[in-house]
4 protein chains.
Amino acid sequence: MTVTLADLNRMDLAAFEVAVGEAFEVAPWVAAAANARRPFATVSDLHAAMMGAVRAAPREQQLAFVRNHPDLAGKAAVTEDSQREQASVGLDTLSPKAFARFHRLNDSYKAKFGFPFMICVRRHTRDSILEQFERRLARDPETEFAQALQEVFYITRLRLAAKVTGEGMPQVNGRLSTHVLDTHAGRPAVGVAVELYEQAGERYHRLATAITNGDGRTDQPLIGGRPLPIGGYELRFAVGDHFRRRGIEAGDPPFLDVVPLRFSVAEPEGHYHVPLLCTPWSYSTYRGS
Amino acid sequence: MTVTLADLNRMDLAAFEVAVGEAFEVAPWVAAAANARRPFATVSDLHAAMMGAVRAAPREQQLAFVRNHPDLAGKAAVTEDSQREQASVGLDTLSPKAFARFHRLNDSYKAKFGFPFMICVRRHTRDSILEQFERRLARDPETEFAQALQEVFYITRLRLAAKVTGEGMPQVNGRLSTHVLDTHAGRPAVGVAVELYEQAGERYHRLATAITNGDGRTDQPLIGGRPLPIGGYELRFAVGDHFRRRGIEAGDPPFLDVVPLRFSVAEPEGHYHVPLLCTPWSYSTYRGS
Amino acid sequence: MTVTLADLNRMDLAAFEVAVGEAFEVAPWVAAAANARRPFATVSDLHAAMMGAVRAAPREQQLAFVRNHPDLAGKAAVTEDSQREQASVGLDTLSPKAFARFHRLNDSYKAKFGFPFMICVRRHTRDSILEQFERRLARDPETEFAQALQEVFYITRLRLAAKVTGEGMPQVNGRLSTHVLDTHAGRPAVGVAVELYEQAGERYHRLATAITNGDGRTDQPLIGGRPLPIGGYELRFAVGDHFRRRGIEAGDPPFLDVVPLRFSVAEPEGHYHVPLLCTPWSYSTYRGS
Amino acid sequence: MTVTLADLNRMDLAAFEVAVGEAFEVAPWVAAAANARRPFATVSDLHAAMMGAVRAAPREQQLAFVRNHPDLAGKAAVTEDSQREQASVGLDTLSPKAFARFHRLNDSYKAKFGFPFMICVRRHTRDSILEQFERRLARDPETEFAQALQEVFYITRLRLAAKVTGEGMPQVNGRLSTHVLDTHAGRPAVGVAVELYEQAGERYHRLATAITNGDGRTDQPLIGGRPLPIGGYELRFAVGDHFRRRGIEAGDPPFLDVVPLRFSVAEPEGHYHVPLLCTPWSYSTYRGS
């Protein structure tokens, strides 16, 4: 159920609190404080006003607000949003060992900082969440509390972007795309099988497959319409098959068969274009735009 | 124990047969036939004369000669050379399952062709030997017998090259080398960790590690002084560490960390130079010289 | 003055002849012959019907038709279209020496073949027209007459595409574009001065200048909305200035300053994307899409 | 006439002064002062001792020493070394206009600083000398006097390296080399015509031509055995001919014909390896090693 910014600007306070309050994990005071800034010219302004309310609150209220968020992989994700977000990165189906590790990290974190580990899971792979956990556990409380609010910012920005439509939508989605250019023929490489894998420890899990079209691109971005999870990826291109179809002699076995490109995403809202330029004997790649 | 070509040219027939006969798997008639062509100007000429003797022999004698070679992974490698060659590719330490597969293929092969599967193991990885087994089993007997003699040619050429020194040595060794160029700095990338892996089925086994020197190269070729085994390889370059040491900001995590280059060798006596040109955001490779 | 295909399909024969006849250099019989095929589903069909009429005509009529076209750089371009086309490539402002050369070639051509040299000038640079003149003079009459009709095909296709609007427009325009990627920074190179030159003998004449925008591209294609003239080109990119603005140290003088990319166009209706990927110490280019 | 370092270390003071004095433009006191440091372990030590003597001298003596050097393009190069050095960059054959410009700059320079413009001409192209003239004229006297001594350092280092042989020769020579790799074929490009041009204003003068050998390299470095003159260069590679010989179809005219690589040298004692990796549709270059 989405609502327009125009409607939000027009409704009475109680309706406004209901409409946007849930995005802030059952904290109606945030909506109430933001109310004073209505009407909003853009959805980004609405979000900024709500985050401004959190930042302007006394530390005790901020802390209560952060504490109100569920543990990662915990038993009690309060809101449906929380549940859905945690499921998206596989935290709802952890192995007993991984579940135990998460809980151990979470307990250490809460013992040290006095609030649960906040992270916008949709902006991370599972590996990246673990890496963040270890890294942030080592920080001082002030830095880490600022990070917790920053994560709330990311989480609520995504929720508002999903619920409110209107002018000035915040940039919450990234894009991962590729194309394959056959520099032996001076043409796009058509019909090349492409696979996208996500790194998980020492292994790579397949996320997507595609075949390059007449322009050497995939019809859809490999990831799009959502944040790009921070983490490690591998693209695999079946260029050996491509050159074999073209009848090009390139050794037996061919010098290049499946070409892997391994890279990491650090900007979930960014555009990562990772193309492959190749001949049977050479290739290059780059972060393009 | 090596012998010079000059000494070989001078010795009496009996000594000549002993000196070069073993290279031909206990077939003194080959040495005897080659004897008529002495003296040899080059070691390659010596080998050509011996192979010429095999090719000129009646089919029955050729067949007996081929049959005299041990089975791959068999229990009875007749000569020390055979034993050493089979050990080089790990055929002496096969798992029971792999051992059974080799024997099954070998039995099918002998049943179809009437002679054991000949392959110059030092020119192949284990994967490549299996691949050759499957491929050659499907051939017609005439083509396959020619291939068997060709493999004898490779095997004996390596043996002669190891035993005889002198003018005109046959080209039996290949070379795999790399270098890393940091095109962000316009300089060789110094101190980069490089690993070489050999493909075995779905896995990669590490063959060698090196650190690039002041010229961005490794002090020794990654493989040298022997044939390059036909098969799949992966080079891995720790370029993320390199740019981190240089203090270059390239995202967190960095866009490129360990860069894998996956390629195959098809010419065991060739030179494969597989360099990496890289920035924190791009890289290229090619088969160079 | 353009006309819609729908209107063309509806008008009476006399109006139809007037509307499309001029495209065929005052040859109403072509329009009359095509009339039988009305209505046309696409503009391409209309053009195909008119060219079909020319191809089906007796040789004498074809010859008269070709002879009715003005000489290149002649004094008497019959139609305004002819005049405009010849001006587009600078044939109206030739130096006395070049004018003499054109006339000499034209005289030799007419003496040999009995009809004027036909060429769709909008698909060529001046250099390319001269090169075609020399090359085609050497051909046999049959091949050359077929080429003359092919050039009429190109000329009239462009004229119809300019006069008639509707479904199924023929592909008559090409596109030359570029982009600049700074692989040192992993971002599009913004604000880079780009110049496009056309080769004329030993010299290069500037055709266009542009500055790369936030996406490293030029706001408009360097050539677009017309055929790409066959011939030699050079792109020049002020990458030295770009890296200087970024504060990157790259030698004094810098290793790269203005990077020239020299290439030729052979497909006037094609898309030539010629990008530059560069660091202060390296660059690459390719024909992309 | 060269002399060994061992002989220099052994000879009496008068002979030593004669042997090395001329390198310092008729300043026997420099040799006399350096004499105290004999014997020298390396030729670099000898040069360092002589330059140390200059640097330790009172300013008046340094100034007299610098003033003793001939004007660039002057009528009175005192020593044969000076004459030869100025000839090497074409300063002995300037056009009247260029000659006048040099004299004008020189007069302004001497009027401002009180000593002639010192520059190690063998480390510069003519363009670079002019550029240095303009740039250094704008400096403050202290900075510029230090630069003058630095140029004496370069000049005398080259002279000593030419006259004295022995251990620890100073690094005075650079190297410019190339190679051409055909990444369409995965092999060195053999038989490719390569031309090297030096930039002079808007024009390029050809310095060298070569044909790539079996390894895709030139048999000799394009510049070697001397400092690389600071300045602008262009390499031109006839890759269109190469692919035509291979029978590769790449458009008519071919997309790439003569590929120019334009770059500058800033380190006369450095190694510039500027290769070309190319297909008929793409190429790349980089400063390699």
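The values are calculated or read from the model by the stated rules, or taken from the named source; none is laboratory data. Please read all numbers here as calculations on a predicted model, not as lab measurements. Here the Cβ positions follow ideal geometry from the backbone for every residue, glycine too, while neighbour counts run over all protein chains shown. All accessible areas refer to the heavy atoms of the entire protein, side chains included, with ligands and DNA or RNA removed. Shrake-Rupley method; radii C 1.70, N 1.55, O 1.52, S 1.80 Å.
One line per residue, one yes/no per condition, for (1) open to solvent by 40 Å² or more (accessible area, probe 1.4 Å); (2) among the small types (Gly, Ala, Ser); (3) in contact with a strand residue (DSSP E or B) (Cβ under 8 Å, 6 or more places away or on another chain):
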position	(1), (2), (3)
D:167	yes, no, no
D:174	no, yes, yes
D:217	yes, no, yes
D:238	no, yes, yes
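Whenever a residue of region C:3-18 is closer than 15 Å to residue C:162 by Cα and in contact (Cβ under 8 Å) with a residue 60 or more places away in the chain, its partners that are polar (S, T, N, Q) and surrounded by 13 or more Cβ atoms within 10 Å (Cβ to Cβ), lying with C-beta atoms within less than 6 angstrom and at least six residues away or across chains, give the pairs C:4/C:165.
Across region B:49-66, the number of residues qualifying as part of a helix (DSSP H, G or I) and either in contact with a Pro (Cβ under 9 Å, 6 or more places away or on another chain) or in contact (Cβ under 8 Å) with a residue 24 or more places away in the chain (or both) comes to 10.
Beta carbons closer than 6 Å, at least 6 apart along the sequence or on distinct chains, pair a first residue in region B:259-286 that is within 14 Å of chain C (Cβ to nearest Cβ) with a second that is of a type in the set (S, T, N, Q) and outside any strand (DSSP E or B) for B:275/B:178; B:277/B:183; B:279/B:183; B:279/C:183; B:281/C:183; B:282/C:183; B:286/D:183. Going by what's in this entry, would residue D:228 be described as crowded, with 16+ Cβ neighbours inside 10 Å, of a type outside the set (Gly, Ala, Ser) and over 30 Å from residue A:286 (Cα atoms)? Considered against the rule, which asks whether it is crowded, with 16+ Cβ neighbours inside 10 Å, of a type outside the set (Gly, Ala, Ser) and over 30 Å from residue A:286 (Cα atoms), residue D:228 comes out as yes. Taken as a whole, the condition of being modelled with pLDDT under 95, under 24 Å from residue D:69 (Cβ atoms) and out of contact with any helix residue (DSSP H, G or I) (no Cβ under 7 Å at 6 or more places or on another chain) does not apply to residue D:159. If only residues of region C:182-196 that are touching a Ser or Thr at 6+ places or on another chain (Cβ under 7 Å) and touching a residue at least 60 places away in the same chain (Cβ under 8 Å) are counted, the one that is farthest from residue B:248 (Cα to Cα) is C:189. The number of residues in region D:19-33 being in contact (Cβ under 8 Å) with a residue 12 or more places away in the chain, more than 16 Å from residue D:161 (Cα to Cα) and assigned to a helix (DSSP H, G or I) comes to 4. State yes or no: is residue B:221 more than 15 Å from residue B:178 (Cβ to Cβ) and open to solvent by less than 60 Å² (accessible area, probe 1.4 Å)? No; evaluated as a whole, the condition is false for this residue. Restricting attention to region A:259-281, the residues that are open to solvent by 10 Å² or more (accessible area, probe 1.4 Å), in a loop (DSSP other than H, G, I, E, B) and farther than 30 Å from residue B:270 by Cα total 4. If you filter region A:50-73 down to residues that are surrounded by 17 or more Cβ atoms within 10 Å (Cβ to Cβ) and within 30 Å of residue A:95 (Cβ to Cβ), you find that the one that is modelled with the lowest pLDDT is A:73. Checking each residue in region A:176-215 for being open to solvent by 20 Å² or more (accessible area, probe 1.4 Å), within 14 Å of another protein chain (Cβ to nearest Cβ) and among the hydroxyl-bearing types (Ser, Thr, Tyr) picks out A:197, A:204.
Scanning region C:220-251 for residues that are under 23 Å from residue C:186 (Cβ atoms) and part of a loop (DSSP other than H, G, I, E, B) yields a count of 6. Taken over region B:240-258, the criterion of being more than 13 Å from chain C (Cβ to nearest Cβ) and buried (at least 23 other Cβ atoms within 10 Å of the Cβ) is satisfied by B:242 alone.
Cβ-Cβ distances below 6 Å connect the following pairs, each with a first residue in region A:132-147 that is closer than 23 Å to residue A:54 by Cβ, a second residue that is among the basic types (Lys, Arg) and assigned to a helix (DSSP H, G or I), and a separation of six or more residues or different chains: A:144/A:136.
Residue count for region D:90-116 under the criterion of being open to solvent by 60 Å² or more (accessible area, probe 1.4 Å) and at pLDDT 90 or above: the result is 3. Criterion applied to D:119, D:129 was being open to solvent by less than 50 Å² (accessible area, probe 1.4 Å), part of a helix (DSSP H, G or I) and touching a residue at least 24 places away in the same chain (Cβ under 8 Å), and the one residue passing it is D:129.
Selection of region C:137-150 for residues being surrounded by fewer than 20 Cβ atoms within 10 Å (Cβ to Cβ) and part of a helix (DSSP H, G or I) yields C:137, C:141, C:142, C:143, C:144, C:145, C:146, C:147, C:149, C:150.
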